[in-house]
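The next block holds one structure in the form of C-alpha cells; read it before the comments.
Rule-based calculations on the coordinates, nothing more; no lab input. The shown structure was predicted, so the numbers you read here are calculated from the model rather than taken from an experiment. Virtual Cβ from ideal backbone geometry, glycine too; neighbours counted across all protein chains shown.
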Amino acid sequence: MSALLELEGVRTAFPGDRRRGGPARVHVVDGVSFRLERGRVLALVGESGSGKSMTALSILRLVPKPGRVVEGAIRLDGRELLALPVGEMRRLRGRRIGMIFQEPMTALNPVVRVGDQVVEAIRLHERVSAADARARTRALFAEVGIPDPDARLDAYPHQLSGGLKQRVMIAMALSTRPEILIADEPTTALDVTIQAQILGLLRQLQRDRGTAILLITHDLGIVNALADRIAVLYAGRVVEEASREALFARPLHPYTRGLLAAIPALATPGTRLHEIRGTVPSPDRWPSGCRFEPRCGERFEPCKAIDPAETRPAEGRRVYCHAVARDLALAEGAAAPRSSAGDALAEEVAR
Amino acid sequence: MTVEPYVVSNGAVVVLLAGAVFLGRAVRRNRLWREAAASLWRRRRLALCVIAVYATIALLDSIAWKGGVPAEAVGVLPGAPHSVIDRLFLDSAEASYSAPFADVEFYGGKPLRHPGGHPLGTDIIGRDVLHLALKGARVALLIGGVTSLIAIPLALLFGVGAGYFGGRFDDFVFFLISTLASMPGLLLLIALVMAMGRGTLSVCVALGVTSWVGFCRLSRAETLKLRELDYVQSARVLGVSEPGIIVRHILPNLVHLIVITFVLMFSGLVLSEAVLAWLGIGVDGSWGQMIDGARNELSREPIVWWNIAAAGAALFTLILSVNAVGDAVRDVLDPRTRGEGA
C-alpha cells in the first residue's frame, strides 16, 4: 500500500549570512524522509531547533520567505506537492491537509466570532449556504466537545478559555474534512488536565474519522499517548524511526535513549535528572559526520568524519548511528557486545 | 451635463446620514464596539455633544435649494441656492461694521437696519458674523473629513501593502515616505495648492498628500506584526488567498488604529487649513479665512475684535472637543493603554 503522505530526502534551506562567514545556504531541514499511512499517527519528536515545525511548513509549502524547499519530494497520494501550481496548492491546503497550532491564544482572529471563522473555512472550500455551514459548524463544535455550542458560535476568542480555543482550532482544522491533520505541539500551551482532554479528543477523532495525524512535539508523554510510529529528528535529520512500542521498549540511537532517560517521571526521587549535555547546533554550523557526535557518549572514530548510513535492525525500523551499526554487525557475528546499544540490539535481533 | 455643487452637497448629506445610521447599527450589533462607544460617551459627554452640534450645523448648511427667497432682500442673490442656515439670516445684511448687539454702525454711528439684531456683530461689508461663523463649521468638517478620506486609504494601501508583501514594494513605499518626510511640509502644501489651483478639493488633496505618511508608517508596522501571528498563518494553512487574508484578517485588526488616527488627524487638518488661509490659499468661508480677514482690523482704533473672536472661538471649541474625544478614543481602543487581551 502506498503511503498517504511520503517525504523523501526533503531539504529546506534559508540563505546564509555570508558576511559573517556562514555558508551560502543553511539547511534547517536536511534530508528528511518518512511515510505517513492513512489513518495513522506519526510523531515527529525532537528538541527545539531540530527542524520539526519547518518540516511541517515544508509539507504545506508555507516555509517563510526567503526559505524554500530546495530538494526532495513530498508526495500526497503519490502526487508531487512541490510541483503543484500555487493556486492548486492553496486549494489543497485545508481541504486535504489541516493544521492546528501550538498557541490557541493567538491562532484565532480576535475580531471575528469563532463560529464565523469556522463557517468561512468551510465555505472557502465548498459551495454551501451560510446556514448549512453554520449548522455544520455547530455539529463540529459539539463533536469536539464544546459545551453549549449554540452560544459559543457567537463568542469572540477572548471570551473562551485556552482549552475551548484549542477545541475551536481543531474544529476549524477538521471543518473541511482533511485526510491529514498536522498538529504542531497541540497541547504545549495548555494546562495538564486540558492537555489530557485534547489528546483524548485527537485520538477519538483519529479513530472516528480515520484522519491521519502528523504530531509534532517534544513531549514524549504525548507521543506515548497518541502515536503509532515515531520519527526522532535531530539537527534537521531523522536519526531513528520505529513503531511506538519498539522505540519505547528499546531505543537504539544514543540521542533517543538520552531523550527517554530525560523524562523526569521515570527518575527516582533524590537522583540527578538525566540530561543530554550541550544544545542542538545552529543550522549554519552543523558538525560534519554524525551531527550528534559532539554530544554523544558512545562516539568512536568514524563518527566525526562519516555520515552514518541507514541501518535496519528490524522490520519497519531504521536508525542512523555508527555505534548501532557496529553493534549490529557484532551481534550478527554472534559475539557478545558489551554496550547498552548492543544489549538492546541483541535482544531485538534475537526476537 | 454639469451637476450644480448644491445638488452634490444635498446628495452628500443623504449619503452621510445613511452612513451614520448604518455605522450606528453596526456598532450596536458588535459588543466590543458597543462597549467602546458607551465608554466613550461616559468619558466625554460634553465634547461629544459639542461635536454633534457642529455636525448638525454643518449638515443644515449643506442642505440647500433654490428659490423661496424674497427678491427685495438686501445682499441676497435671488437665483442662487440657499442653505437652511442661510435662510435663517436672510435680509440680515448691513452696510458696514457693527459691534455685537449694537444699534448703530461702529464707525460713523449711522443707525442699523436691524438694531440689536447681530449677536456677534457684522464684518466690514456688513455680513452677520454669527452667520459666517456657523457656515465655517461646514468648511472645517469638510476639510477634516474629505482629507482623511484621501489620506487614510492612501496610507492603508501603501502601509498594508508594504508591510504584508515586503520586498520591492516595501522599498518603494519607504523611498516615497522618506522623500515626502524630507520635504518641509508647509512648502510642499503651498506648492501643491499652487499647482492644482485654489478650491476646497485641491486644498483637501494637498493636505491629504502631505499627511498620510505618519499613518502609513504605523499601518506598515502593525501589518508586519499581524502578518506573523498564528491566525494569519492558520488562514494560510486553510487555503485563504492573500487578498482574502488582508481583507479578513489584517484590515479588521487595524480598525482601532484607523479610528484613532482619524480622530487625532482631524483637528490637525482643520488647523492646517487655518494656516493655509492665513497665507491666503485657504478655502473660501473657512474660519481661517475669517481670521485672516480680521487680522488687519486688530490694528484699528478702537479694535474690531468680534470678528476674529468669533472665528477663533469656533475653531478653538471644535479642536478642543475633537482632541478630547480623540484622547478618549485612544484610551478606549488602544490595546497598549488597555492592557493585552481582546
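The calculated FRET efficiency for the pair residue B:331 and residue B:21, based on their C-beta separation and a Förster distance of 30 Å, comes to about 0.65.
Average 1/r across all pairs of distinct alpha carbons in the protein assembly as shown, invert it, and you get the Kirkwood radius: 30.8 Å.
When chain B is treated as a GNM with alpha-carbon contacts under 10 Å, the residue of B:332, B:139, B:74 showing the greatest mean-square fluctuation is B:74. When the alpha carbon coordinates of segment B:249-342 are projected onto the principal axes, the ranges are 62, 23, 15 Å, largest first.
Summing Lys and Arg as +1 and Asp and Glu as -1 over all other residues whose Cβ lies under 9 Å from the Cβ of residue A:217 gives a net charge of -2. So which aspartates and glutamates pass the test for residue B:225, namely a Cα distance under 20 Å, with those fewer than 8 places away in the same chain ruled out? Once the sequence-local aspartates and glutamates are set aside, what remains near residue B:225 is A:103, B:170, B:171, B:242, B:334, B:340. Between the amide H of residue A:5 and those of A:36, A:77, distances stay under 5 Å, these residues lying 5 or more places away or on another chain, with hydrogens modeled in the peptide plane. Less than 5 angstrom separates the built amide H of residue A:280 from none of the residues sequence-distant by 5 or more or on a different chain.
Reported to the nearest whole Å, the Cα centre-to-centre distance from segment B:1-71 to segment B:134-190 is 24. Whole-percent P(r), segment A:208-331, all Cα pairs, 10 Å bins from 0: 12, 41, 34, 12, 1, 0. Couplings 3J(HN,Hα) of segment B:151-161, computed from phi: 6, 5, x, 4, 5, 5, 4, 6, x, 5, x Hz, in residue order, whole Hz [Karplus 6.51 cos²θ - 1.76 cosθ + 1.60, θ = phi - 60°; x for Gly and Pro]. Within segment A:135-175, the percentage of alpha carbon pairs spaced more than 14 angstrom apart rounds to 35%. When only alpha carbons are used to place a centre, segment B:212-268 and segment A:75-116 end up 21 Å from one another.
Loop only by DSSP, 14 or fewer other Cβ within 10 Å of the Cβ. Give me the chymotrypsin sites (Phe, Trp or Tyr not before Pro) in segment B:101-179 that pass, ordered by residue number. Let's see the in-between values first.
Details: sites: B:101, B:106, B:107, B:158, B:164, B:165, B:169, B:172, B:174, B:175; in loops: B:101, B:106, B:107.
Counting only loop positions with at most 14 other Cβ atoms within 10 Å, the chymotrypsin sites (Phe, Trp or Tyr not before Pro) in segment B:101-179 are B:101, B:107.
The phi-based Karplus calculation (6.51 cos²θ - 1.76 cosθ + 1.60; θ = phi - 60°) puts the 3J(HN,Hα) values of segment A:287-300 at x, 6, x, 6, 6, 8, 3, x, 10, 8, x, 10, 5, 9 Hz, whole numbers, x for Gly and Pro. In a DSSP loop and with at most 10 other Cβ atoms within 10 Å, there are no chymotrypsin sites (Phe, Trp or Tyr not before Pro) in segment B:226-288.
Normalised by 2.2 N^0.38 Å, where N is the number of residues, the alpha-carbon radius of gyration of segment B:121-263 equals 1.36. The orientation-averaged projected area of the convex hull spanned by the Cα atoms of chain B comes to 21.6 nm². The aspartates and glutamates within cross-link reach of residue B:66, meaning a Cα-to-Cα straight distance under 17 Å and a gap of 8 or more places when in the same chain, are B:4, B:86, B:91.
With both bridge residues required to lie in the protein assembly as shown, what share of the DSSP beta bridges run antiparallel, to the nearest 5%? Close to 65 percent. Taking a straight line from the alpha carbon of residue A:52, these lysines sit under 23 Å away, with near neighbours fewer than eight places off in the same chain left out: A:65.
The Kirkwood radius of chain A, taken over pairs of alpha-carbon atoms, gives through the Stokes-Einstein law at 20 °C and 1.002 mPa s a diffusion coefficient of 99 µm² s⁻¹. Close amide H contacts of residue A:25 (hydrogens built in the peptide plane, cut-off under 5 Å, sequence separation of 5 or more or a different chain): A:16.
The phi torsions of segment B:44-57, fed into the Karplus equation with coefficients 6.51, -1.76 and 1.60 and a -60° offset, translate into couplings of 10, 4, 4, 4, 5, 5, 4, 5, 4, 5, 4, 5, 4, 4 Hz, rounded to whole numbers, with Gly and Pro shown as x.
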